[in-house]
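Take a look at the structure below.
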Amino acid sequence: MSSRPKILHITSSWENGVGNELAEFTTRLAPEFDSETCVLATLGLRWNCDVSTYLRLGRVLRRFRPDVVHTWDAVAHSYAALHYGIKRILAEKRETESPKGLSQKFLDRKTHRYIVPQPNNTLPTAKTVVIPPAAVPVSCVEPIPAEALLEKLGFPLVEPSGDYYPVFQSQYDPVRRTYKSMSPHQTPFLIGIILPLGLEHRILDALWVFETLSHVHLNYHAFVIGDGKDRETFLCHRDQWKLFSRVHFLGDRSGTHRLLPHFDVLLHLSSSPEYSGTILSAMSCGVPVVALETPESREYIVDGTTGMLIPADGDFRSYRRTAVKRLLYLLENEALRRSMQVAAQERVEKEFNFETAVQRRIDVYRELT
């Protein structure tokens, strides 16, 4: 029998934005801890309170007999708290709202430590450990030319249908309010989106942005990495707006995330905190990010220095137009993109380092065991 402490990780879904981080994190524990990962969705999770899933989780706990149960979201935390006899519960608390269905006092009594990204006054101070979010390591290979990447993926080059009309460069005369066209960019810009294909993540707004970029004859290609319930809806809108030669849905196949270092810009319009880690991964590879303003994106991005933020106030028409302006401004200013690449990588290395976050969690494990 191994004498190493046992850590059981529980998450409600492998696709909720935590999967990549958890997979990378557990590989670092092998020398010192025995660890297993339990995904509630694979146990039959249908609702936030499901008796079948509760009983199956009990079997896992009796078989593995962990010293520490580390829960990575609110649903997993609730299931772990319901099981009596667990020695230690360590909970990741990434959102400020209280879990549904169980009282906060009950959870506080059952939980030995909370890991939070920033100080949280709603949780017991003695149980709180502040560990900033970290960028999951990505293989930041040297980017290849856009033409070569498109050929490798099997997408043909598309000639712009007309001259490009720059928005922010000197070709625009603010007195006469006229645009002067210029020859289109020879090398296409590569814009990436890495999100599940759900309406709640504003993929439809991104398609509207891409259609507008086509109207000014910008030479670009957009890659949407991810899968989800609304995929067919987005494909229908893409084809209806005649974007099939410019916007490519790559699914969530193995290896698609390796395209991240090749993007000129990452567009992130989701307000969900679960998927904000993509912003940090892009920054770590030196890819400028244009993101919707949320508490998480404000924490990661210094607007105008390490990326660009889109204000979330106003109606959808407002932030759609702002997204177009931010993208065009960034793409038309190569010097700004270069400076953002350096600034973003330095910020991630200094404030959101993955190895530092791993070591701090290991210190908490040692304390609890």
So Ser318, is it assigned by TED's automatic domain parsing to the domain that holds Leu213, touching a strand residue (DSSP E or B) at 6+ places or on another chain (Cβ under 8 Å) and either of a type in the set (S, T, N, Q) or part of a helix (DSSP H, G or I) (or both): no
So which of Phe210, Phe234 ends up being closer than 12 Å to Ile193 by Cα and either at pLDDT 90 or above or not β-branched (Val, Ile, Thr) (or both)? Phe210
Any residue in the range 351-368 that is in a loop (DSSP other than H, G, I, E, B) and either closer than 30 Å to Asp34 by Cβ or modelled with pLDDT under 90 (or both)? yes
Pull up the range 316-369, narrow it to residues that are of a type in the set (Asp, Glu) and within 25 Å of Pro133 (Cα to Cα), then point me to the one that is surrounded by the fewest Cβ atoms within 10 Å (Cβ to Cβ). Glu355
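The values are calculated or read from the model by the stated rules, or taken from the named source; none is laboratory data. As the structure is a prediction and not an experimental result, all values here were calculated from the model. For neighbour counting, all protein chains shown are included, and Cβ atoms are generated from backbone atoms with ideal geometry for every residue, glycine included.
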